[in-house]
Amino acid sequence: MRKAATAMVLFLGASCAGAALAKEATPMQSPHRVALGFFDIHVCNWSERPLFFMALFSTTRYDEIAAIDVLDPSGRAIGALDLTQYRLTVTPGKPDKRAFIIQVPVPEGAKDGWYSARITDRKGGVSVARDFVVIAPLPIVAGAQPVPDAENVPLPKELRWSPAAGAQYYQVFIQDLWEDEKLIYTSPLLAEPRAPLPAGLLKPGGFYAWRVHARDVNEHELLGDFNHGSLGKLMKFSVAP
């Protein structure tokens, strides 16, 4: 399922980037925002891999940027954003926007505090955007319904799971395993541990996989888009003919 996992990384990165890009147009009053763009960093607890940071910087002024380094609270560099790799958003009548995203392992002994992006422009100027981070894993959701690997279940009208301690929002991703693992549904942010399904999305005789991304907050003034996120394993089920 490596292709499915890779696709999920891209879609979650796009989800985070979309929120950041939308916020870029608001007045520059938070520590996340500098003249050149918006910075956010999350602590990610994903199944099948160690805890890691996902760091993002979004901007319409990408041509002015020479380098972006990510620093821990002590000022030590923990990574650099690759300016050749980005998510592009094109809106007619508006400047193109790029979101640069990296994933960095959380080192042993990592501290809570202000993590920062040091942005160096092509004239040698430096600006710093910051995000407060608390190092802790958000639990992965459990108690899924349908249960993992269920066979011939009645056509579901919704997917359910148990609340994850500390999570306020959830997002569900569904793939069609008969259609080359195609992602067929990304839910909006959900405030309850249930995802009502659009009529006709799932079909009798279908074979699907789904997973839940949980997050602690949404667009928090101090913590940014969110501080903690978790992503569970793919859970498969088949629908009765």
Residue within the stretch 9-26 that is at pLDDT 50 or above, farther than 27 Å from Glu181 by Cβ and not aromatic (Phe, Trp, Tyr) present: no
Residue list for the stretch 135-150, restricted to those being surrounded by 13 or more Cβ atoms within 10 Å (Cβ to Cβ) and not in a strand (DSSP E or B): Ile135, Ala136, Pro137, Leu138, Pro139, Ile140, Val141, Ala144, Pro146, Pro148
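Considering only the stretch 69-90, state which residues are surrounded by 12 or more Cβ atoms within 10 Å (Cβ to Cβ) and closer than 22 Å to Val134 by Cα. Write out each step before concluding.
Here is the first cut: in the stretch 69-90, the residues surrounded by 12 or more Cβ atoms within 10 Å (Cβ to Cβ) are 69-73, 78-81, 83, 86-87, 89.
Answer for the stretch 69-90, where residues must be surrounded by 12 or more Cβ atoms within 10 Å (Cβ to Cβ) and closer than 22 Å to Val134 by Cα: Asp69, Val70, Leu71, Asp72, Pro73, Ile78, Gly79, Ala80, Leu81.
More than 16 Å from the chain's Cα centre (by Cα), loosely packed, with under 15 Cβ neighbours inside 10 Å and polar (S, T, N, Q): does that describe Thr120? Before you say what the answer is, go through the steps one by one.
On the way: more than 16 Å from the chain's Cα centre (by Cα): yes; loosely packed, with under 15 Cβ neighbours inside 10 Å: no; polar (S, T, N, Q): yes.
Considered against the rule, which asks whether it is more than 16 Å from the chain's Cα centre (by Cα), loosely packed, with under 15 Cβ neighbours inside 10 Å and polar (S, T, N, Q), Thr120 comes out as no.
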Flag if Asp180 is at positive phi, free of Cβ contacts under 8 Å to residues at least 40 places away in the same chain and outside the structural domain of Arg49 (by TED's automatic domain parsing): yes
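When you look at Tyr115, is it crowded, with 19+ Cβ neighbours inside 10 Å, in contact (Cβ under 8 Å) with a residue 40 or more places away in the chain and assigned by TED's automatic domain parsing to the domain that holds Ala77, yes or no? Can you show your working first?
Details: crowded, with 19+ Cβ neighbours inside 10 Å: yes; in contact (Cβ under 8 Å) with a residue 40 or more places away in the chain: yes; assigned by TED's automatic domain parsing to the domain that holds Ala77: yes.
Yes, satisfied.
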Hits in the stretch 157-183 (condition: within 18 Å of the chain's Cα centre (by Cα) and assigned to a strand (DSSP E or B)): Tyr169, Tyr170, Gln171, Val172, Phe173, Ile174, Gln175, Leu183
Unmet criterion (only one of (1) surrounded by fewer than 17 Cβ atoms within 10 Å (Cβ to Cβ); (2) under 22 Å from the mean Cα position of the chain (by Cα); (3) among the charged types (D, E, K, R)) for Asp131: (1)
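Given the condition of a type in the set (Ser, Thr, Tyr), over 30 Å from Leu234 (Cβ atoms), touching a Lys or Arg at 6+ places or on another chain (Cβ under 7 Å) and assigned to a strand (DSSP E or B), answer yes or no: does some residue in the stretch 116-133 qualify?
Start the filter on the stretch 116-133 by keeping residues that are of a type in the set (Ser, Thr, Tyr), which leaves 116, 120, 127.
Pick out the ones that are also over 30 Å from Leu234 (Cβ atoms) and you get 116, 120, 127.
Going one step further and asking which of them are touching a Lys or Arg at 6+ places or on another chain (Cβ under 7 Å), we end up with 116.
Filter once more, keeping what is assigned to a strand (DSSP E or B): 116.
Scanning the stretch 116-133, I find at least one residue that is of a type in the set (Ser, Thr, Tyr), over 30 Å from Leu234 (Cβ atoms), touching a Lys or Arg at 6+ places or on another chain (Cβ under 7 Å) and assigned to a strand (DSSP E or B), so the answer is yes.
Across the stretch 30-57, what is the number of residues that are among the charged types (D, E, K, R) and in contact with a helix residue (DSSP H, G or I) (Cβ under 7 Å, 6 or more places away or on another chain)?
Taking the stretch 30-57 first, the residues among the charged types (D, E, K, R) are 33, 40, 48-49.
Pick out the ones that are also in contact with a helix residue (DSSP H, G or I) (Cβ under 7 Å, 6 or more places away or on another chain) and you get 40.
Matching residues across the stretch 30-57 total 1.
The values are calculated or read from the model by the stated rules, or taken from the named source; none is laboratory data. Here the structure is a predicted model, which is why all the values come from computation and not from measurement. Note that we place each Cβ from the backbone using ideal geometry, even for glycine, and neighbour counts take in every protein chain shown.
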